Structures are given as structure tokens and as C-alpha cells.
Amino acid sequence: MPPVEKSARGRPRDPGTRARILKAASELLDAGGLTAVTMEAIAARAGVGKPTIYRDWPNAHAVAMSAFLERARAAPGPSKSRTAIEALRRQLHDLAEAFAKRAGRSTAMMIAAAQNDSELAKVFRIHFVMKSREEGRALLKRAAAEGELRPNLDCEAALDLIYAPFYFRLLIGHAPLGPRDTDVILDLALKGLGKKDSTRRAQRH
């Protein structure tokens, strides 16, 4: 359970109640954005009392974040039928499409407004950003093993090169972020990560 949710105390939680609460929060995000997600609105739509929600979440933003992460976890992972690079491209497309929806835009607004060490920011970083990087790391290693990228690839630097422009655009909002834009970002990164990357400067010294 993400730390944005309170640890369980007392009698066991009802999974059905939690599912209804998250479904209600997700629907409110889709319908009206972040301002529509209040404890009162969630309780009314889910058919529960506010104390039931407060048992698991400290505020409405925490419920909204849990709802977004629940939806992200339910999304299919990278397909094994594609090449590693194609799967990475698809992952970036899926991320862009998720944040193009109202719920995704609202989540980005929450993160942009949150302090870096806040629970919301930590939960987003651990359960979304790092999860995406883990998937990306596996795909980059597979691409290197299959000869699509150079074998001595620095995976951590490569991951920063691919994902940093995505999250910079997402949080700053200075430029569009659709599938076509992620293609441009990935293609530029791949030019530096490919097998034919120039090493002339190293050879001169």
C-alpha cells in the first residue's frame, strides 16, 4: 500500500470499500479535475461516510493520488512481442496519453505544487517515476543485449536522458507532450545511445 495511505489499524479494511472510494475519486478527477475531488464528493459518490475515507487517507489529494496510481498499475506493461526499443517507445506513448487526460493533468498539478519532500511527491516518485524507470532499465538492457544499443551503455545516465525531458515538460508545461513529442525525445536520445555513437574525442587522447 503506498505510504500516502494510512497504515491499517483496528479491524481489517474492506477491499470493496477501498475500490469504491478510488473509483469515485477517479471519476471525479475525470469529470471535474482536482477541484472536484473533495472528501464530501468522494463520500457521496462512493456511498460511504467521510470517517471511512479518513481511516485510510489524510485528505482528498491523497485519495486522488492513490486513484491515479491504481489506474497506472492496472495499465498493461511493455509488450514482450515488440523489440525493446519499440516497447520503450510504446511506454512513453502510454505515459504521455495518461497525462493528457484530465486525471493525469490534475496529478501533474498536484506534484508541481507539492514540496519535494512531501508525502505526495514521495509517493509519485517511488510508485510512478521509479516504476517507469525500472521498466525502462530492463528495456535498455535488453536493447543492448540484442545489439540495438552499444553494449557498454550507462543505463542510469541513459534513463535520465530519456525520462528527464518528459517530466520537465510535464511539470513545467512549457511545451507539448504527446506521443509525437516523446518520439522526438526518444529518437534524439537514441542517436547518442546507439552503436554508432562517435568516440572520436576519446580516440584522440
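Using a 1.4 angstrom probe on heavy atoms only, work out the carbon and sulfur share of the accessible area of the chain in %.
56
Give a residue-ordered list of calculated ³J(HN,Hα) values for the stretch 108-123 (Karplus: 6.51 cos²θ - 1.76 cosθ + 1.60, θ = phi - 60°; whole Hz; x for Gly, Pro).
Calculated HN-Hα couplings, in order: 4, 5, 4, 5, 4, 8, 7, 5, 4, 9, 6, 4, 4, 5, 5, 5 Hz.
Can you figure out the FRET efficiency of LYS122 with ARG82, using R₀ = 25 Å and their beta-carbon distance, to the nearest 0.05? Walk me through the numbers on the way to the answer.
Numbers: r = 32 Å, r/R0 = 1.29.
My answer for the efficiency is 0.20.
What number comes out for the charge environment of GLU27, summing +1 per Lys or Arg and -1 per Asp or Glu over other residues with Cβ under 14 Å away?
Around GLU27, the charge tally is +4.
If you line up the Cα atoms of the stretch 63-197 on their principal axes, what length do they span on each, largest first, in Å?
Projected onto the principal axes, the Cα atoms of the stretch 63-197 cover 45, 29, 27 Å.
Under 13 Å Cα-Cα from LYS23, which aspartates and glutamates qualify once same-chain neighbours fewer than 8 residues away are excluded?
In chain and number order, the partners are GLU70.
Tell me, what is the per residue accessible area of the chain in Å², probe radius 1.4 Å?
Values: 11380 Å² over 205 residues.
Computed with neighbouring chains in place, this is 56 Å² per residue.
What angle, in degrees between 0 and 90 and rounded to the nearest 10, separates the Cα long axis of helix 60-74 from the longest principal axis of the Cα atoms of the chain?
50
At 7 Å along the Cα-to-beta-carbon direction for both ALA157 and GLU70, put a label point, then send me their distance in nm to one decimal.
4.2
For LYS101, what is the net charge nearby, where nearby means another residue's Cβ is under 10 Å from its Cβ and Lys, Arg count +1, Asp, Glu -1? All intermediate terms of the calculation are to be shown ahead of the outcome.
Values: positive: ARG71, ARG102, ARG105; negative: ASP30, GLU97.
Charge balance near LYS101 sits at +1.
Dipole magnitude of the chain about its Cα centre, charges +1 at Lys/Arg Cβ and -1 at Asp/Glu Cβ only, in debye to the nearest 20?
On the way: 35 positive and 23 negative charges, 62 e Å.
Using only the charged Cβ atoms, the result is roughly 300 debye.
When Lys and Arg each count +1 and Asp and Glu each count -1, what net charge do the other residues less than 9 Å away from THR83, Cβ to Cβ, add up to?
In short, -1.
So what is the calculated 222 nm ellipticity per residue for the chain, using -39500 (n - 2.57) for each DSSP H run with n of 4 or more, over all residues, to the nearest 500 deg cm²/dmol?
-20500 deg cm²/dmol
The values are calculated or read from the model by the stated rules, or taken from the named source; none is laboratory data. As the structure is a computational prediction, the values presented were derived from the model and not from experiment. Glycine gets a Cβ as well: all are built from the backbone with ideal geometry, and neighbour counts include every protein chain shown. When the accessible area is computed, the model is the full protein with side chains, heavy atoms only, and any ligands, DNA or RNA have been set aside. Shrake-Rupley method; radii C 1.70, N 1.55, O 1.52, S 1.80 Å.
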